[in-house]
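Peer 1: Okay, here's the structure, questions in a sec.
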Amino acid sequence: MEQKLPTDIFNTQRWFDKDITDPYQVVAEFFSHAEVYHFRSVIKKLLFYAESDKIYKGKPPADVYLYMRIIDSLIRAAYVLKDKKKGSVKVLKVDVFNKKYYCSHYKFSNEWTDFPRSLALEEFCNPYQVFRKFFKYQDLEKWIRDLELITDTALTPARGCLMLDRLVTYFHLVKLIEAAHLIDVREVTHIGETLKNRSLIKL
């Protein structure tokens, strides 16, 4: 009997209308839902409220869970890409302020909000390093469990008792998102079957 391969390995059907099988398209759809600066803010607020006796404010719980599911898929895509040594676009250290290497095509983004402020210079040049460090810190299953715990705790009124380092967790998640953002800008030309509108990039 032929063994069936697992489907929806990135869990995209929980927030998207189909199963995405290409990790780069997971990245593309991730940033088509919200810009990098927005996800930075969501993670910061989730971690704050997870250790507070207050409930996450600013978004309905359904929206918060939606963001959690989108971030979950990005983590799974990064896991598949973590062994890639480097990207197809060579970026040198002198290119750190060259906007074409970090500015997205989205209308409301700009060079300030898109700039990956949490990455080291070497990580800016090769964002795949971030993926390897992310999973060296802890494995995929632990990241998924932590993300669910952070979200659930942030949405409850009782003070959370998270058995994790909030600051370290924040920087790992933000660096993951910023690294994925750089890969999206430099290497992903399409979202689904649609060519990105790169005329919106401010070069």
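The values are calculated or read from the model by the stated rules, or taken from the named source; none is laboratory data. None of the values given here were measured: they were computed from a predicted structure. Backbone-built Cβ (ideal geometry, glycine too); neighbour counts: all protein chains shown. Note: areas computed on protein heavy atoms with side chains; ligands, DNA, RNA excluded. Shrake-Rupley method; radii C 1.70, N 1.55, O 1.52, S 1.80 Å.
Peer 1: Pairs under 6 Å by beta carbon, first residue β-branched (Val, Ile, Thr) in segment 116-138, partner modelled with pLDDT of 95 or more and crowded, with 20+ Cβ neighbours inside 10 Å, six or more apart or different chains?
Peer 2: Val130/Lys175; Val130/Ala179
Peer 1: Got a sec? Which of Ser104, Ser52, Ser118 is closer than 29 Å to Thr194 by Cβ and among the polar types (S, T, N, Q)?
Peer 2: Details: Ser52 fails: closer than 29 Å to Thr194 by Cβ; Ser118 fails: closer than 29 Å to Thr194 by Cβ.
Among Ser104, Ser52, Ser118, only Ser104 is closer than 29 Å to Thr194 by Cβ and among the polar types (S, T, N, Q).
Yes/no per residue for (1) touching a residue at least 12 places away in the same chain (Cβ under 8 Å); (2) under 20 Å from the mean Cα position of the chain (by Cα); (3) within 21 Å of Asn110 (Cα to Cα):
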residue: Val36; (1), (2), (3): yes, yes, yes
residue: Ser52; (1), (2), (3): yes, no, no
residue: Lys85; (1), (2), (3): yes, yes, no
residue: Asn98; (1), (2), (3): no, no, yes
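Peer 1: Can you pull out every residue in segment 99-115 that is in a helix (DSSP H, G or I) and touching a helix residue (DSSP H, G or I) at 6+ places or on another chain (Cβ under 7 Å)? If you could, list the steps in order and put the result at the bottom.
Peer 2: Filtering segment 99-115 down to residues in a helix (DSSP H, G or I) leaves 99-101, 111-114.
Answer for segment 99-115, where residues must be in a helix (DSSP H, G or I) and touching a helix residue (DSSP H, G or I) at 6+ places or on another chain (Cβ under 7 Å): Lys99, Tyr101, Glu111, Thr113, Asp114.
Peer 1: Taking segment 66-80 only, how many residues are touching a residue at least 60 places away in the same chain (Cβ under 8 Å) and either open to solvent by less than 10 Å² (accessible area, probe 1.4 Å) or more than 21 Å from Arg14 (Cα to Cα) (or both)?
Peer 2: The total comes to 7.
Peer 1: Let me ask another. Considering only segment 64-83, I want to know if a residue exists there that is more than 25 Å from Lys196 (Cβ to Cβ) and among the aliphatic types (A, V, I, L, M). Steps first, please.
Peer 2: The first filter runs over segment 64-83 and keeps only residues more than 25 Å from Lys196 (Cβ to Cβ), leaving 64-65, 68, 83.
With the extra rule that they be among the aliphatic types (A, V, I, L, M), the set shrinks to 64, 68.
Yes, there is a match, as at least one residue in segment 64-83 is more than 25 Å from Lys196 (Cβ to Cβ) and among the aliphatic types (A, V, I, L, M).
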